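Asks: The following block contains the structure, expressed as C-alpha cells.
The values are calculated or read from the model by the stated rules, or taken from the named source; none is laboratory data. Here the structure is a predicted model, which is why all the values come from computation and not from measurement. Because the Cβ atoms are built from the backbone with ideal geometry, glycine has one as well, and the counts that use them run over all protein chains shown. The protein model used for the area step is the full one, side chains on, heavy atoms only, and it has no ligands, DNA or RNA in it. Shrake-Rupley method; radii C 1.70, N 1.55, O 1.52, S 1.80 Å.
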Amino acid sequence: MNERERKALRAWMEEEGLRALMARIFELGEIGMTDADDEVPGPRGRTRLALDDADGRARDRLAAWMRELDLEVRVDAVGNMFGVLPAAPGGEGLAPLMIGSHIDTVGNAGPLDGVYGVLGGLTVLRAFCAADALPPRPLMVAAFTNEEGVRYQPDMMGSLVYAGAYPLEKALDTRGIDGSRLGDELERIGYAGNLPPGHVTPFAYLELHVEQGPVLDHDRVRIGVVTGVQGISWREITVEGAANHAGTTPTALRHDAGLAAARANVFLRELAARTGTLATVGSVRFEPGLINVIPSRAVFTVDMRDPDADRLSAANAEFTDWLTRLEQEEGVRVSSGTLVDFAPAAFAPGVVDRVEAAAERLGFSRRRMVSGAGHDAQMMARICPTGMIFVPSRAGLSHCPQEFTGPEDLRCGALVLLETVLDLLDAETA
Ligand code: HGY
Ligand code: MN
Ligand code: MN
C-alpha cells in the first residue's frame, strides 16, 4: 500500500468509518431485542441463538451491507458467511487476509460480543471501497456460525469446521438443546451454503473483540495485544438418584440427585479456589422438578478453563475422581459426557508483534494478555497465523445486557485493526 492510499484509508476511518461502525453496531443490536423488563431497570439485551430467526435476520442484514459494497458474498456448507474484496491486479491468486468473528449471541446478550469484530472488519473493507483502493491481496470479512455454542455444542463450531477439526456432517446432525437439528435450521433460515468449509486458507486471520473481562478496564489500558486463548473443557454430568416423597423419606435414606448436583457445584468452587482453574456450573435441570418430590435425576453442565493445559486436565481428573466418591456417599449413579475439549491456543508472534506495533504507533496504551473467553481465532490459529485485538469491557461485564465499551475505546480498537491490516498486507509472510 503506498503512503497516499494509507493516508486516505486512515482519513476515511477517522472521519466516517468510526461513526458508521457505531451506527451499525447499534442497528445489529436491535435484532433479537429481548422485551424490556420493568422489574429490572437497565439496558435491554438481545438474543440471537445460532440459526434462530433473529440470527437469520442479522445474517440478512450483514449480507445486505456486504452487497452494498459490491463484495462477493460467500456462504459455506456450515453457514459461515464471507464478504470478499478482490485484490489489485496481480494479487488475485494470493491467499486472502481474513478479519472475522461472529454475530450469534448468548441469551439476553450485550451488543458487542462478536459483532464488534465482524463490523470492525466490514468497516475496514468499506474504507478500501471509499478510498477506491484495492488491497495487494484479497481481503475477507467473516462471520462464523455458532460461535457461542449455547443452542448447539461445541462452541466455535463454524470456525472449528472451517479449520478442518470437526466433521461437517457431525456439525449438521448436531441436536440443539431445543431438539432441533442444526442442518435443518441452516436450511430454514437460508444459509446452507454450497462452499466446502475451509475453502480458502487465509494468509492471516485477525479478530477484533471486547475483552469480556476486567483486566484492561481495571488497569485503564486501551488495547489488549492478545497472545493466545486459554483451554476450555465443557462437560455434561447426569446424576441418577431415586425419586421419593419429600415428606416421608428420612434424610439418611435419600438418594437425592439434586443434592448431589449441588455438592458437585460446591466441590468445583473449592477446586477452582485451590488450583486457579476456573469452573462454572452454568445450567442445571432436575427431574421431575416438582416441589414435593426428591429429584430422581439432575443434569448439569461444567465449564472449566485454564491457560495451562496440564492444570486443566488435572482439575478435570480430580473432579472425575470426586464424582466416584459422590456416587458412593449419596447412593447415586453419575455419568459424564464431554462437549468441548479445546487446548490452549498460542497466536502467531508475527501477528501479535504487528498488533503491538500498530498500537504503539498510534500512541495507545497496550498490554499483552491471554484471552479468558473462547474465540473463533482459537480455531483459526490451527490453520493460519492468527492474532486478536482487545478493547476494554466496562467493569469486565459481558454475556449480559450491561456489556459496554466506550466509543473512544471502540475507536482505538478499529484504528489498530486498520493499521495491523495495512502492515500485514505489505508483508510477504505474516
Ligand atoms: O464460551 C466462550 O468463551 C465463547 O463466548 N463462546
Ligand atoms: Mn465472542
Ligand atoms: Mn461470547
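Asks: Taking the conditions exactly as written (open to solvent by less than 20 Å² (accessible area, probe 1.4 Å) and part of a loop (DSSP other than H, G, I, E, B)), does THR420 satisfy them or not?
Replies: When the stated conditions are applied, THR420 does not pass them.
Asks: Also, quick follow-up: Taking GLY17 as the residue in question, decide whether it is surrounded by 21 or more Cβ atoms within 10 Å (Cβ to Cβ), in a strand (DSSP E or B) and in contact with a helix residue (DSSP H, G or I) (Cβ under 6 Å, 6 or more places away or on another chain).
Replies: Details: surrounded by 21 or more Cβ atoms within 10 Å (Cβ to Cβ): yes; in a strand (DSSP E or B): no; in contact with a helix residue (DSSP H, G or I) (Cβ under 6 Å, 6 or more places away or on another chain): yes.
When the stated conditions are applied, GLY17 does not pass them.
Asks: Checking GLY406 against (1) modelled with pLDDT under 95; (2) over 26 Å from GLY231 (Cα atoms), only one condition comes out false. Which one?
Replies: Status for GLY406: all satisfied but (1).
Asks: Among the residues of region 123-173 satisfying the criterion of being without any contact (Cβ under 8 Å) to a residue 60 or more places away in the chain, open to solvent by 10 Å² or more (accessible area, probe 1.4 Å) and outside any loop (DSSP other than H, G, I, E, B), which is farthest from ligand 2 (Cβ to nearest atom)?
Replies: Within region 123-173, the match that is farthest from ligand 2 (Cβ to nearest atom) is GLU169.
Asks: To continue, here is another question. Among (1) away from ligand 1 (no atom under 16 Å from the Cβ); (2) within 21 Å of the chain's Cα centre (by Cα), which single condition is GLY193 missing?
Replies: So GLY193 meets the others, but not (2).
Asks: Okay, next question. If I ask for residues that are more than 15 Å from ligand 1 (Cβ to nearest atom) and out of contact with any helix residue (DSSP H, G or I) (no Cβ under 8 Å at 6 or more places or on another chain), which ones from region 137-171 would you list?
Replies: Correct list: PRO138, MET140, GLY164, GLU169, LYS170.
Asks: Of all residues in region 182-240, which are surrounded by 17 or more Cβ atoms within 10 Å (Cβ to Cβ), of a type in the set (D, E, K, R) and assigned by TED's automatic domain parsing to the domain that holds GLN378?
Replies: GLU185, GLU207, GLU211, ASP217, ARG222
Asks: If VAL355 satisfies every condition in (1) in contact with a Leu (Cβ under 9 Å, 6 or more places away or on another chain); (2) within 16 Å of ligand 1 (Cβ to nearest atom); (3) of a type in the set (A, V, I, L, M, F, W, C) but one, which is the exception?
Replies: It is condition (2) that VAL355 fails.
Asks: Quick one: in region 391-408, of everything that is open to solvent by 20 Å² or more (accessible area, probe 1.4 Å) and within 20 Å of LEU362 (Cα to Cα), which residue is nearest to ligand 2 (Cβ to nearest atom)?
Replies: Within region 391-408, the match that is nearest to ligand 2 (Cβ to nearest atom) is PRO407.
Asks: If you take the residues in region 291-310 that are of a type in the set (D, E, K, R) and in contact with a helix residue (DSSP H, G or I) (Cβ under 6 Å, 6 or more places away or on another chain), which one is nearest to ligand 3 (Cβ to nearest atom)?
Replies: In this case the residue turns out to be ASP306.
Asks: Looking only at strands (runs of 3 or more DSSP E) that fall completely inside region 220-335, which ones have 3 or more residues that are in contact (Cβ under 8 Å) with a residue 60 or more places away in the chain?
Replies: Qualifying strands (runs of 3 or more DSSP E): 223-229, 231-240, 297-306.
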